[in-house]
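Written below as structure tokens is the structure these notes are about.
The values are calculated or read from the model by the stated rules, or taken from the named source; none is laboratory data. Bear in mind the structure is a predicted one, so any value in this text is a computation, not a measurement. All Cβ positions, even for glycine, are placed from backbone atoms using ideal geometry, and neighbour counts span all protein chains on display. Heads up: the accessible areas ignore ligands, DNA and RNA and are worked out on the full protein's heavy atoms, side chains in. Shrake-Rupley method; radii C 1.70, N 1.55, O 1.52, S 1.80 Å.
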Amino acid sequence: MFLTATAAILVVMLMALIRAFLGPTLYDRILAVNMFGTNTVLLIAVVGFLMGRPEFLDIAMVYALVNFISVIAILRYFEYSPPDETVEHK
Amino acid sequence: MTAVAVVLMRDLFAVVMLTGIYSLLSASFFVVFDAVDVAFTEAAVGAGISTLLMLSTLTLTGRYAKESTQKPWLALAIVTVTGALLIYGTLDMPTIGSASAPIHQHVAPRYLNDSMQEIAVPNVVTSVLASYRGYDTLGESFVIFTAGIGVLALLMVLQRRRASDVDAHGPMHQHLILRIVAKILIPLILLFALYVQFHGDYGPGGGFQAGVIFAAAIILYSMLFGLSAARQTISQPLIFALSAVGVLLYGGVGVACMLLGGNYLDYDALAEDPVAGQHLGILLVELGVGITVASVMIIIFFTFNGRSLSERGRRR
Amino acid sequence: MRHTISLSLLLAIFWLLNSGHYTWLILSLGLLSIAIVVWVTHVMDVVDHESLPWHLTARIPGYNLWLLKEVMVASLDVAIRIWTGAISPIVVDVKASQKTDMGKVIYANSITLTPGTVSINIQDDIITVHALTRVGARNLAEGEMDRRVSRLAG
Amino acid sequence: MIALALDVGSWILLVAGSFICVTGGVGMLRFPDFFTRIHAAGVTDTLGAGLIFTGLMLQAGLSLVLAKLVMILLFMLFTSPTASHAVAKAALHSGLEPQLDDVDDRSGVDS
């Protein structure tokens, strides 16, 4: 049963990855990265149960955290950077 | 696969994000191979802090890679050859988990079997890092400390103007939702970092990871409330002092061991009972590592950002 | 002062739930950690009624149950639309009748949490919402969520 | 008996959650523009993650693991709309226009 979930999550990760490659806009990529991160959290939690080592949950927690902070960081650098840097990707 | 794409992309920003994904992926591999501590570090350091720092670098250098005039065929050839050799090397490696693998016959059995009696710390990785391999870890803390000093030396010289003139308020201060959510989260993140710090003995975690998480919380704060606010909270001299204190704490524990009649970093001497001594030693040493890592990360982030802000101010 | 005490309490619960090791050493380290965090957040000036919405605690569970139901219904709707591809995206402005920032944040986040509607901007008391379907937009405009959040957080 | 019921329950939740996650992924690829893709990501973030975590909670039983699962789930439910909103707002500010069904219909619906 955990294997089903693991496989499904891996598939979703792949899909998010494809979206991150395709773009087309910067924000699509950010969104895809965020979704990828969410799925990593799920994957780690499920794999932890699959292997009977729930200590993995600490790592999942760190991931959830890092995922949030890095999305904010990416945005901070691109939404609020001077206009000459942001026009290029429109 | 992701790595290939990283090399192919010209847009440096996309590269940064893909590197983030890459380290997420590798962390998942570590989880699968049951290397919890490594995965933890990769999660915190690879996916988190290095992405943040690369982003700050990008704001300094600009987003697009310069078209290189000479074709990097030579480099490509060397990389290919090296890669091929490495893959060839792995053919000789024992299958994963096989009992006859050399790593299982050298020191690992001693670590795995005896560490419970000698150190009584359930997480073997922690006892190996902080006790058996105490010197290596001490060296690593010094490397981080030196890296911090190096970055400072490079960037401080160039820094002419105080960043605080430029950003009075954090650029994201106006962002209502982010502000309130961050206010709720920051205390919890800080406490989680300290939890990771002090539970390195039992679960995955320890000084390096804790330091990084702690720094991440501070960085989140400074992104939302502005660099000058963050600088007021945590004054520069204080962090400088702390980064040194961390290394000194580590070294000091070693010296204390010697004074108490043991070898350098031989924690048995710290208390009557060798096991209690080991415990105390590891705790202090990990604390030293945590403090150093956290403060150096914060220093690097502040310096990078202060610099990009003052650049921006000059351009205006 | 009140906030300091309630923050320490919250942090203590968080520590105990995470830790799982109740020896005197770890517990005293926990106390030390809480003290450090309280001090740092105090210096940062992030501790106030916005970071610790205790005054809402009593009314939160009821709202959450209602929100949970909404989220499930909306998710299933969006999931079906993903497979069938029947979407008609639309942008609408809705009025947030909450007076406090906290209330507006809860409202905007509830909108985003419910799949099918995403709040994309807040300007004073107007929240701009991108909705996947006309129906979703209309449901939101009827304002049940707005009223509930107002009752929750003023 | 109770153990069996819990097992079956968590099985159902995990499978349903996996399916919802995949649905979100499909939406991520299928939907035409950035703003509609946020909704797809939202499906995975809320219902998908929620179902999978609830499934795991049933497996965990009354323990600290359960507490940790609850904390992670709460954290995710708390941060994911925040992140989505932040990305959407940033996209809007940068001048990205949502692809709409027909032209500006702002005044028509809110009444």
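Pick from C:79, C:74: which is in contact with a Ser or Thr (Cβ under 6 Å, 6 or more places away or on another chain), within 20 Å of residue D:73 (Cα to Cα) and in a helix (DSSP H, G or I)?
Residue meeting the stated conditions: C:74.
Answer yes if at least one residue in the range C:40-61 is more than 8 Å from every other protein chain (Cβ to nearest Cβ), modelled with pLDDT of 80 or more and touching a Leu at 6+ places or on another chain (Cβ under 7 Å), and no otherwise.
no
Taking only the range A:1-12 into account, find how many residues are in contact with a Gly (Cβ under 8 Å, 6 or more places away or on another chain) and either more than 7 Å from chain D (Cβ to nearest Cβ) or open to solvent by 60 Å² or more (accessible area, probe 1.4 Å) (or both).
The qualifying residues number 1.
Would you check if there is a residue in the range D:97-108 being among the hydrophobic types (A, V, I, L, M, F, W, C), modelled with pLDDT under 85 and out of contact with any Asp or Glu (no Cβ under 7 Å at 6 or more places or on another chain)?
Yes.
All but one of (1) touching a Leu at 6+ places or on another chain (Cβ under 9 Å); (2) within 13 Å of chain D (Cβ to nearest Cβ); (3) part of a helix (DSSP H, G or I); (4) open to solvent by less than 20 Å² (accessible area, probe 1.4 Å) hold for residue C:137, so report the exception by its number.
The single condition residue C:137 does not satisfy is (1).
I'm trying to understand the selection: among the residues of the range C:128-154, which are under 23 Å from residue D:97 (Cα atoms) and out of contact with any Asp or Glu (no Cβ under 7 Å at 6 or more places or on another chain)?
Passing the criteria: C:129, C:130, C:131, C:132, C:133, C:134, C:135, C:136, C:137, C:138, C:140.
Considering only the range D:60-81, I want to know if a residue exists there that is within 11 Å of chain C (Cβ to nearest Cβ), of a type in the set (Gly, Ala, Ser) and closer than 22 Å to residue C:70 by Cα.
Yes - at least one qualifying residue is present in the range D:60-81.
Does residue A:36 count as more than 17 Å from the chain's Cα centre (by Cα), modelled with pLDDT of 75 or more and either more than 7 Å from chain D (Cβ to nearest Cβ) or not in a loop (DSSP other than H, G, I, E, B) (or both)?
In short, no.
Of the conditions (1) touching a residue at least 12 places away in the same chain (Cβ under 8 Å); (2) crowded, with 24+ Cβ neighbours inside 10 Å, residue A:27 fails just one. Which one is it?
With (1) touching a residue at least 12 places away in the same chain (Cβ under 8 Å); (2) crowded, with 24+ Cβ neighbours inside 10 Å applied to residue A:27, the lone miss is (1).
Looking only at residues in the range C:31-50 that are β-branched (Val, Ile, Thr) and outside any helix (DSSP H, G or I), which one is most open to solvent (accessible area, probe 1.4 Å)?
C:47
In the range C:109-128, which residue that is part of a helix (DSSP H, G or I) and aliphatic (A, V, I, L, M) is least open to solvent (accessible area, probe 1.4 Å)?
C:111
Could you tell me whether residue C:33 is in contact (Cβ under 8 Å) with a residue 40 or more places away in the chain and touching a helix residue (DSSP H, G or I) at 6+ places or on another chain (Cβ under 9 Å)?
In short, no.
Could you pull out the residue among C:88, C:28, C:97, C:75 that is among the hydroxyl-bearing types (Ser, Thr, Tyr), open to solvent by less than 60 Å² (accessible area, probe 1.4 Å) and within 14 Å of chain B (Cβ to nearest Cβ)?
None of the others qualify; the one that does is C:28.
Are any of the residues in the range C:140-149 within 28 Å of residue C:57 (Cβ to Cβ), crowded, with 24+ Cβ neighbours inside 10 Å and more than 12 Å from chain D (Cβ to nearest Cβ)?
Checked against the condition, which is being within 28 Å of residue C:57 (Cβ to Cβ), crowded, with 24+ Cβ neighbours inside 10 Å and more than 12 Å from chain D (Cβ to nearest Cβ), the range C:140-149 yields at least one hit.
Filter the range C:104-126 for residues that are farther than 23 Å from residue C:60 by Cβ, more than 8 Å from every other protein chain (Cβ to nearest Cβ) and among the hydrophobic types (A, V, I, L, M, F, W, C) and give the result.
Correct list: C:126 only.
What is the number of the single condition among (1) more than 7 Å from chain A (Cβ to nearest Cβ); (2) buried (at least 24 other Cβ atoms within 10 Å of the Cβ) that residue D:31 does not meet?
(2)
Looking at D:64, D:51, D:58, D:47, can you tell me which residue is in contact (Cβ under 8 Å) with a residue 24 or more places away in the chain and farther than 23 Å from residue C:111 by Cα?
D:58
Restricting to the range B:270-296, and then to whatever is among the small types (Gly, Ala, Ser) and at pLDDT 75 or above, can you tell me which residue is surrounded by the fewest Cβ atoms within 10 Å (Cβ to Cβ)?
Residue satisfying both the conditions and the ranking: B:288.
Go through the range D:40-55 and give me each residue that's open to solvent by 10 Å² or more (accessible area, probe 1.4 Å), closer than 19 Å to residue A:48 by Cβ and within 8 Å of the chain's Cα centre (by Cα).
Residue satisfying the conditions is D:50 alone.
Any residue at all in the range D:65-73 that is more than 27 Å from residue C:102 (Cα to Cα) and in a helix (DSSP H, G or I)?
Yes, some residue in the range D:65-73 is more than 27 Å from residue C:102 (Cα to Cα) and in a helix (DSSP H, G or I).
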